[in-house]
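The values are calculated or read from the model by the stated rules, or taken from the named source; none is laboratory data. Note that the coordinates shown come from a computational prediction; the quantities given were computed from them, not determined experimentally. Cβ placement follows ideal geometry from the backbone for every residue including glycine, while neighbour counts extend to all protein chains displayed.
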Amino acid sequence: MKQRIPRDRRRAGVRVVLGQRDEALLRALARFRIAHTGDLTALFFRDVRRDTAATRLRRLHDAGFIQARSGGLNEQSIYQLGPEGLQWAEERGIAAGPSPVVPAMHHLAIIRLWAKLAAALASDETLRLQRFEPDWELRARAAGSGAPVVPDAAIEIVGRQPGLDAGARIALEVDLTTERPGAVRRKLAAYDVSQYFTEGSPVVIVAVLVAARERRASTIRSLLEEKWRGQARIFLESDWPAVLLLDLRDAPLADTPTGKGMAVGVTLRGGADSHSQGDGLSLSDNSESVRGSADTPHAGSVDGE
């Protein structure tokens, strides 16, 4: 019986020729720092069989371009750039920051929401993701500014057609339900996202609750009503990003008949004009679903570095 090779161990002598999809994956992983298997497959192996995607990730791991951290027996692997991937990024001037220490649950939750949003908008005919700047990049850019609170991400979604009345500027907050209400209250009291967005339509707080129940949603809603004077919206992770995008395409965000998402303050909808830095992770407008063999990959490009 053939012995199975552990996920985090490399097979010797494996070489790969990088294709467009591989390079897009490496660029994304440089920004992500770490990501679960599901995040990478959602973005770069859409419409590809799971075993085909797994084979390609394994070959990139064996060749040293990515490094798999083995989770538990029934858990997804966590990937980061390997030595060859770091060298590839350095040669191209692509910044690759240090990977957080696992389990890094909050970091991985941000990546998961990022990947879901980018994948959903890659083929959307109405909206596109113009900017997704996570907190570690915001902190680096705002170093020395004395900002007391940094959002988990700054997001800008715009309409694909000029003049289309759709889009949003979002300060994302990912809630793992581990922070006590008092800590959330103090954070909101000091919350000021103005330096992370240029002038334009109102910035909206969007809180996504991970593994939360209605009681937690009610608590966060009450705190937002108490401490935040602007617009806000609360979603359970299971509704992300489908309900958000549905509302942006069809109508201003408001309580839905199904009760999915809780509105706080006025609507989220703003103008389509956006003043992005052009550095958000999103598949390009002409991106295609990934097809083909694992050794001849291709993919939609990744905007920004």
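Within segment 38-84, work out how many residues are buried (at least 20 other Cβ atoms within 10 Å of the Cβ), over 14 Å from the mean Cα position of the chain (by Cα), assigned to a helix (DSSP H, G or I) and of a type in the set (V, I, T). Count: 0. Among the residues making up segment 1-33, a single one is of a type in the set (G, A, S), on the phi < 0 side of the Ramachandran plot and modelled with pLDDT under 75: A12. Taking E133 and the conditions (1) at pLDDT 95 or above; (2) over 10 Å from the mean Cα position of the chain (by Cα), which numbered condition does it fall short on, given that it satisfies the others? Evaluating E133 over (1) at pLDDT 95 or above; (2) over 10 Å from the mean Cα position of the chain (by Cα) leaves (2) as the failure.
Considering only segment 171-204, how many residues are touching a residue at least 40 places away in the same chain (Cβ under 8 Å) and not small (G, A, S)?
Number satisfying all stated conditions: 17.
Taking the criterion of being over 25 Å from R216 (Cα atoms) and modelled with pLDDT of 85 or more, the residues of segment 142-167 that qualify are E156, I157, V158, G159, R160.
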